[in-house]
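One structure is given here, and the rest of the page talks about it.
The values are calculated or read from the model by the stated rules, or taken from the named source; none is laboratory data. Quick caveat: nothing in here was measured; it's all calculated off a predicted structure. Cβ placement follows ideal geometry from the backbone for every residue including glycine, while neighbour counts extend to all protein chains displayed.
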Amino acid sequence: MNAEYERREKIAEEKGLHILYEDNQIIVALKPQMLGCCPDESKDKNLFDLIKEYIKEAYGKTGNVYLGLVHRLDRPTGGIMVYAKTSKAASRLSEGLAAGDFEKKYLAVLVGAMEQERGTLTNYLRKNTVNNMVYICTPSEEGAKYAELDYKVLDVKNGLSLTEIRLHTGRTHQIRVQTAGIAHPVYGDMRYGGKTAKKGKLALFAYSLSFTHPVTKERLKFVSAPPDEMPWKSFDTEKLLALPAKND
């Protein structure tokens, strides 16, 4: 580890950033729960602005720093995100996302023991822009959009199911709405699960992200364990996902 790398790492640490990978074209980082992925009307601190500040300071940039938003995670959801450091990278990553090149996998702690070990959920969803809620609907309803996900139960403990979820579509609040629709809401999701969901932080984490590098064309894959807190601590996520231990 050279001095320059250590200097940049210290700057990232001071800003509360956990950077998984960085080169001249892209930067991959972990988004903590309740931190926005980009600026919004709340004007709250967000990952996008923190990364721009990091790039400006770490590389001595003057003037405006370019950073491209490629995809999003809801504020209550933590996990892996990739941002583009050049407009060319942003364009190519966005094209790849639209073409299905991105593979995103989530971990969710669902309330109750799932009836099947694995399966596929298909629904039509519509968003109410007034209350920002998403509902399961019929295909003929105005604004209906098809939603599909695959799930696999990794472990069941204390009436909770640790579940891996792979999205085939990227609808707003999709995982939360579809799992609540089968009476197994995400732990902590009082919005869609009501009293059934149990109080606590939303147990939804984007743990795996795979995509093609916009310039080198190399296939990249990043994986990270969820936070070391409840209800995640009920499960041995590192072992179940074959991840290296946190202190390795």
- Which pairs do you get when a residue that is within 19 Å of Gly79 (Cβ to Cβ) and acidic (Asp, Glu), found in the stretch 185-204, comes within reach of a residue that is outside any loop (DSSP other than H, G, I, E, B) and at pLDDT 85 or above, reach meaning Cβ atoms under 6 angstrom, with the pair 6+ apart or on two chains? Asp189/Arg176
- Query: Here are some conditions: (1) assigned to a loop (DSSP other than H, G, I, E, B); (2) in contact (Cβ under 8 Å) with a residue 60 or more places away in the chain; (3) among the β-branched types (Val, Ile, Thr). Val130 meets all but one. Which one does it not meet?
  - Reply: (2)
- Please work out if Arg166 is touching a helix residue (DSSP H, G or I) at 6+ places or on another chain (Cβ under 9 Å) and either over 15 Å from Phe205 (Cα atoms) or in the same structural domain as Leu110 (by TED's automatic domain parsing) (or both). no
- Task: Could you tell me whether any residue of the stretch 85-103 is aromatic (Phe, Trp, Tyr) and farther than 30 Å from Ser161 by Cβ?
- Result: no
- Task: For the stretch 164-172, state whether one or more residues are farther than 21 Å from Pro226 by Cα and modelled with pLDDT of 95 or more.
- Result: no
- Examine the stretch 201-221 for a residue that is in contact with a Lys or Arg (Cβ under 7 Å, 6 or more places away or on another chain), among the basic types (Lys, Arg) and under 30 Å from Glu95 (Cβ atoms), and state whether such a residue exists. no
- Note on the structure: Within the stretch 109-140, residues under 20 Å from the mean Cα position of the chain (by Cα) and exposed (fewer than 12 other Cβ atoms within 10 Å of the Cβ) come out as Thr120, Asn132
- Item | Condition met for His168 (under 30 Å from Gln25 (Cα atoms), surrounded by fewer than 17 Cβ atoms within 10 Å (Cβ to Cβ) and not small (Gly, Ala, Ser)) | yes
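Yes/no matrix, rows are residues, columns are (1) acidic (Asp, Glu); (2) surrounded by fewer than 17 Cβ atoms within 10 Å (Cβ to Cβ); (3) in contact with a strand residue (DSSP E or B) (Cβ under 9 Å, 6 or more places away or on another chain):
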{"residue": "Lys56", "(1), (2), (3)": "no, yes, no"}
{"residue": "Gly60", "(1), (2), (3)": "no, yes, no"}
{"residue": "Asn64", "(1), (2), (3)": "no, yes, no"}
{"residue": "Gly79", "(1), (2), (3)": "no, no, yes"}
{"residue": "Thr86", "(1), (2), (3)": "no, yes, yes"}
{"residue": "Leu93", "(1), (2), (3)": "no, no, yes"}
{"residue": "Gly96", "(1), (2), (3)": "no, yes, yes"}
{"residue": "Leu107", "(1), (2), (3)": "no, no, yes"}
- Task: Might you let me know whether the stretch 107-128 holds any residue that is of a type in the set (Phe, Trp, Tyr), modelled with pLDDT of 95 or more, assigned by TED's automatic domain parsing to the domain that holds Thr237 and farther than 20 Å from Lys198 by Cα?
- Result: yes
- Message: Which count do you get for residues in the stretch 171-199 that are surrounded by 20 or more Cβ atoms within 10 Å (Cβ to Cβ), out of contact with any Pro (no Cβ under 9 Å at 6 or more places or on another chain) and of a type in the set (Lys, Arg)?
- Response: 1
- Message: Against the conditions (1) of a type in the set (D, E, K, R); (2) closer than 18 Å to Leu17 by Cα; (3) within 20 Å of the chain's Cα centre (by Cα), where does Glu53 fall short? Just the number, please.
- Response: (3)
- Confirm whether Gly143 is over 12 Å from Val111 (Cβ atoms) and surrounded by fewer than 16 Cβ atoms within 10 Å (Cβ to Cβ). yes
